1. Kindly indicate the residue of the stretch 1-42 that is at pLDDT below 80 and small (G, A, S) and also nearest to Q69 (Cα to Cα) among those meeting that condition.
2. Just one of the numbered conditions (1) under 22 Å from R304 (Cβ atoms); (2) at pLDDT below 95; (3) charged (D, E, K, R) is not true of R339; which one?
3. Can you pull out the residues in the stretch 30-65 that are under 15 Å from V144 (Cβ atoms) and of a type outside the set (A, V, I, L, M, F, W, C)?
4. What do you reckon, is A314 touching a Leu at 6+ places or on another chain (Cβ under 6 Å) and of a type outside the set (K, R)?
5. Are there any pairs with C-beta distances below 7 angstrom linking a residue in the stretch 265-289 that is more than 16 Å from N317 (Cα to Cα) to a residue that is of a type in the set (A, V, I, L, M), with the two at least 6 apart or on different chains, and if so which?
6. Would you mind finding the one in K267, K300 that is touching a helix residue (DSSP H, G or I) at 6+ places or on another chain (Cβ under 8 Å), surrounded by fewer than 17 Cβ atoms within 10 Å (Cβ to Cβ) and under 29 Å from V165 (Cα atoms)?
7. Looking only at residues in the stretch 228-264 that are of a type in the set (D, E) and either surrounded by fewer than 20 Cβ atoms within 10 Å (Cβ to Cβ) or assigned to a helix (DSSP H, G or I) (or both), which one is modelled with the lowest pLDDT?
8. Would you check which residues across the stretch 17-41 are within 20 Å of G156 (Cβ to Cβ), out of contact with any strand residue (DSSP E or B) (no Cβ under 7 Å at 6 or more places or on another chain) and part of a helix (DSSP H, G or I) and list them?
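The values are calculated or read from the model by the stated rules, or taken from the named source; none is laboratory data. All figures in this text were calculated on a predicted structure; none of them were measured in a lab. For neighbour counting, all protein chains shown are included, and Cβ atoms are generated from backbone atoms with ideal geometry for every residue, glycine included.
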Amino acid sequence: MNPAPAPPGRDLKAKLAAEAHKLGFDCIGIARPEPTPERARRFQEFLAAGAHGDMDWLARDPERRMDPQTLWPEVRSVIMLGVNYGPDEDPLAVLQARSRGAISVYARGDDYHDIIKKRLKALARWLIATAPCELKVFIDTAPVMEKPLGQAAGLGWQGKHTNLVSRSFGSWLFLGAIYSTLELPFDAAEIDHCGSCRACLDICPTAAFPAPYRLDARRCISYLTIENKGPIPREFRKSIGNRIYGCDDCLAACPWNKFAREGREAKLAARDGLRAPALAELASLDDASFRALFTKSPIKRIGRDRFIRNVLIAIGNSGDAALAATSEALLNDASPLVRGAAVWALAQLDRTSFDRHAAMALAGETDEGVRQEWRLAV
């Protein structure tokens with residue numbers, strides 16, 4: 001007897017998965033377009049505590065972020081897709097090379113937004129041609145809670161570090177979403193497999209997790225080095241070490257990474273020049289050379305001044321007296337943000353040189369923020 005034919009929706013879902021893998025996605029799942037009460041509660045608590053810091057867009061229209069149907073009432077299925085970006089080396093090894101910069105794994109290659117958006121659009125075109133429908137494509141471009149939706153679609157679960165963890169790919173997944181008017185068969189949500197493990201919480205250099213599953217972004221090194229537009233608070237500077245763009249500690253510490261595998265997308269792989277770049281070379285970048293070095297990189301969006309601020313904090317933590325001259329050279333930078341960081345770095349590496357500059361700087365510095373850096377370091 002021949003088996004009964006698969007329901008039309010299930011057959012379409014299988015073809016959709018095959019096309020997604022052909023386009024370079026490593027996993028796919030279908031979520032119900034419904035809010036998750038527990039995740040919504042945690043998000044509201046996160047906002048109420050001000051733990052989002054200066055990321056004001058998170059607090060804008062929170063209802064749209066928490067409920068897919070509030071964002072788009074016509075949605076009937078949420079297609080969640082993941083791309084593995086597992087590193088080919090230990091991402092924490094560079095932390096021991098103190099005169100070199102540590103860049104988060106996701107930012108060592110080309111900008112994942114551009115790469116994945118093209119794939120999402122290609123998959124969307126295929127879906128419309130195969131089963132006419134309306135749809136919307138998202139990759140960090142709208143109020144979409146990708147991680148809870150990823151869990152609802154069975155791709156993984158939100159670990160105690162608040163990031164998605166996959167049994168197949170560990171902590172290394174980029175997520176994209178397609179909202180569709182098609183009613184596709186839903187996948188079972190993934191359950192939490194963290195158990196009693198605290199590895200991601202305990203490794204955090206700045207104690208950014210007040211409790212499991214809760215993040216205070218204001219203490220997170222990724223926030224401090226990327227989203228934070230002003231000086232890095234003094235209380236966190238030593239803990240930042242040589243991390244100059246983002247932080248991978250909580251991701252890398254997860255035991256589920258034993259099942260992780262190296263990413264297969266060459267454009268997402270680390271550029272040789274960004275694996276462990278020399279701090280002295282980075283500190284010499286002007287705006288044009290910064291833009292040239294980080295063409296197609298997500299790092300480009302924070303701009304030269306914020307990036308050099310980060311590099312100078314790392315220089316101050318390097319313990320390398322030879323880098324004092326690099327800090328000294330930036331005391332007269334056009335950017336007050338850079339000058340302030342240079343003051344701190346020089347004070348850590350060469351007190352004699354610092355003292356020589358201090359009196360004259362305090363008498364002549366017009367930016368009050370930089371003057372404060374001199375005062376606190378004297």
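1. G9
2. Condition not satisfied by R339: (2).
3. R32, P33, E34, P35, T36, R39, R60, D61, P62, E63, R64, R65
4. On the way: touching a Leu at 6+ places or on another chain (Cβ under 6 Å): yes; of a type outside the set (K, R): yes.
Here the answer is yes, as A314 does meet what is asked.
5. Listed by first residue and then by second, the contacts come to E265/V83; E265/I115; K267/I115; L268/I115; L274/I103; L285/L293; L285/I308.
6. Working: K300 fails: surrounded by fewer than 17 Cβ atoms within 10 Å (Cβ to Cβ).
Unique residue meeting the criteria: K267.
7. Going residue by residue through the stretch 228-264, those that are of a type in the set (D, E) are 235, 248-249, 262.
Okay, now just the ones that are also either surrounded by fewer than 20 Cβ atoms within 10 Å (Cβ to Cβ) or assigned to a helix (DSSP H, G or I) (or both), so 235, 249, 262.
Working: E235: 98, D249: 98, E262: 78.
By that ranking, first place goes to E262.
8. Matches in the stretch 17-41: H21, P37, E38, R39, A40.
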